[in-house]
Structure formats: structure tokens, C-alpha cells
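Each reported figure results from applying straightforward, stated rules to the coordinates on display, with no laboratory input. Because the structure is a prediction, the values reported are computed rather than measured. Please note: Cβ atoms are built from the backbone with ideal geometry, for glycine as well, and neighbour counts cover all protein chains shown.
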Amino acid sequence: MGFHNWDEATTEMSNALQMVSTFVPWPLPPIRLKVTGATTASISLSWYDQATNESGFVIERQDSPSGPFVEVARLSSQSSGGCRMGGSGGGGCGSGNGT
């Protein structure tokens, strides 16, 4: 599949997403999850929300490989942005326009 310009690529991607949404009833997962900063006491994450039909996100952490997951934050639907967890500020999550 080759594209000649941005508008053509955007249209094709939009059409593809509509086709996937028709056949896949559950929300698509966030993509481009990455660590954007880390210290011994905190970590910052960013991601891009590609779904249009989710009710929100739950951010969890696991303190040890065999330990339980603990909820860190709940985000509204259509959240794209980042979370900072730990450190002296305590952390928190926000939303933006795709990271």
C-alpha cells in the first residue's frame, strides 16, 4: 500500500479503522506505550489512545513479580498522554492530544 500524500494516507487509515471497528467489537488497545522518564523513585509513561469506544483506562503497577497489581489511576476515555508515578510529588495522570 503506497500513499502519495498526507490526505490520501489519512483517508486510508480512517477507512481501515472503520473496517476494524466493524469486525472487532472491543476497544483497540493503546499503542506507543513508552517510558519517558525514570528515576529510582518514579516513572513517567506516555501512550496514544487509538480506540473510540472505550469507557476509560485503569493504570496499575506491580511492586514485585509475584505480587498483586495495584491501581494507580483511572483515566477518562479518549485519554492520550502520560502518567508520572512515585517521587516526592506523588504522581498523577493527565490527558492530552497523542504522545
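So for Ser64, Ser44, fewest C-beta neighbours within 10 Å to most, what's the order?
Values: Ser64 6, Ser44 17.
Taking fewest neighbouring Cβ atoms as first place, the list is Ser64, Ser44.
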Would you mind checking which residues have amide H under 5 Å from Gln50's amide H? H placed 1.01 Å from N; only 5 or more apart, or other chain. Ile31
Going by C-beta contacts inside 10 Å, put Glu8, Glu54 in order with the fewest on the left. Glu8, Glu54
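Lys and Arg at +1, Asp and Glu at -1: add these up for the other residues within a Cβ distance under 10 Å of Glu71 and post the number. Working shown, then result.
Working: positive: Arg61, Arg74; negative: Glu60.
In short, +1.
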Ranked on Cβ counts within 10 Å of their own Cβ, fewest leading, Leu33, Leu17, Leu75 go Leu33, Leu17, Leu75
Around Asn15 (Cβ within 15 Å, Cβ-to-Cβ, excluding Asn15; K/R +1, D/E -1) the net charge comes to -3
From the phi of every residue in the range 7-15, what ³J(HN,Hα) in whole Hz does the Karplus formula 6.51 cos²θ - 1.76 cosθ + 1.60 yield, where θ is phi - 60° and glycine or proline is x? 4, 5, 5, 4, 4, 5, 5, 5, 4
Taking every other residue with Cβ under 13 Å from the Cβ of Pro27 and scoring Lys and Arg +1, Asp and Glu -1, one gets -2
